[in-house]
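In what follows, a structure is listed as structure tokens, so that the remarks can point back to it.
The values are calculated or read from the model by the stated rules, or taken from the named source; none is laboratory data. Note that the structure is a prediction, hence the values are computed from the model and not measured. Heads up, the Cβs are rebuilt from the backbone with ideal geometry, glycines too, and the neighbour counts pull from every protein chain shown.
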Amino acid sequence: MDKQNNKLKENESAHLKTDKKPKIYGGVIVLLIAVSPFLFYSYKSFPENSQVWETYFFTIETSFYSIYDFFWFIVGKIIPLYLLLLWFFTCKHWWHWILLIPIAMYAFQLWGIVNESKGLDELEIYYIIPLMMVLVPAVYLIRAKLFNKVRGDDLKTFEEDLLTKKSIWQQVKDLFR
């Protein structure tokens, strides 16, 4: 009887040791998300009426109206990018790869701000379209393969289904079956 109690206590202590890691990991993720509003409003600490910001370590000069505006734009792109990257790296779902599209969009917009290009938030779609042309079909094929395994369909029926001519409405309905 004592041996069984000892084994139960050992199993419970081993279970408690393995439970701490996900709690710490989850706590760090929660902390990273909770800090985001403070990071977002950090732009308010920059000078408002100057195009040059000088410190002991570096000097930043911008063509924006002020350093304040420059960092307002930067923080407005970095924080959603930061949260999307956090979501991407912590998501366990099969569809998380599609998050690369808004991640790429914010990354291109941030690149445009840092380079101070004139057409802010206008040209990144041309860079994202090739990424979308690869990611969207890849994610859809992953979805199709997963649902085929769940439903038990074989690949031959899947190929036949792809080759049959359907109306646009039927194709849309098939996406959600």
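Scanning region 38-73 for residues that are exposed (fewer than 10 other Cβ atoms within 10 Å of the Cβ) and closer than 30 Å to Trp87 by Cβ yields Phe38, Ser45. Residues in region 60-106 that are in a helix (DSSP H, G or I) and hydroxyl-bearing (Ser, Thr, Tyr): Tyr68, Tyr82, Thr90, Tyr106.
Of Lys92, Lys77, all but one fail to be within 23 Å of Ile33 (Cα to Cα), of a type in the set (D, E, K, R), without any contact (Cβ under 8 Å) to a residue 40 or more places away in the chain and loosely packed, with under 15 Cβ neighbours inside 10 Å; the exception is Lys92. Report yes if some residue within region 163-176 is farther than 30 Å from Ile79 by Cα, at pLDDT below 75 and in contact with a helix residue (DSSP H, G or I) (Cβ under 9 Å, 6 or more places away or on another chain); otherwise report no. Yes: region 163-176 contains one or more residues that are farther than 30 Å from Ile79 by Cα, at pLDDT below 75 and in contact with a helix residue (DSSP H, G or I) (Cβ under 9 Å, 6 or more places away or on another chain). The residue pairs whose first member lies in region 109-121 and is on the phi < 0 side of the Ramachandran plot, whose second member is at pLDDT 85 or above and among the aromatic types (Phe, Trp, Tyr), and whose beta carbons are closer than 7 Å, counting only pairs six or more residues apart or on different chains, are Ile113/Phe73.
Of the residues making up region 95-142, those that are closer than 30 Å to Asp174 by Cβ, exposed (fewer than 15 other Cβ atoms within 10 Å of the Cβ) and either at pLDDT below 80 or not hydroxyl-bearing (Ser, Thr, Tyr) (or both) are Trp95, His96, Ile125, Ile129, Pro130, Met133, Val134, Val136, Pro137, Ala138, Leu141, Ile142.
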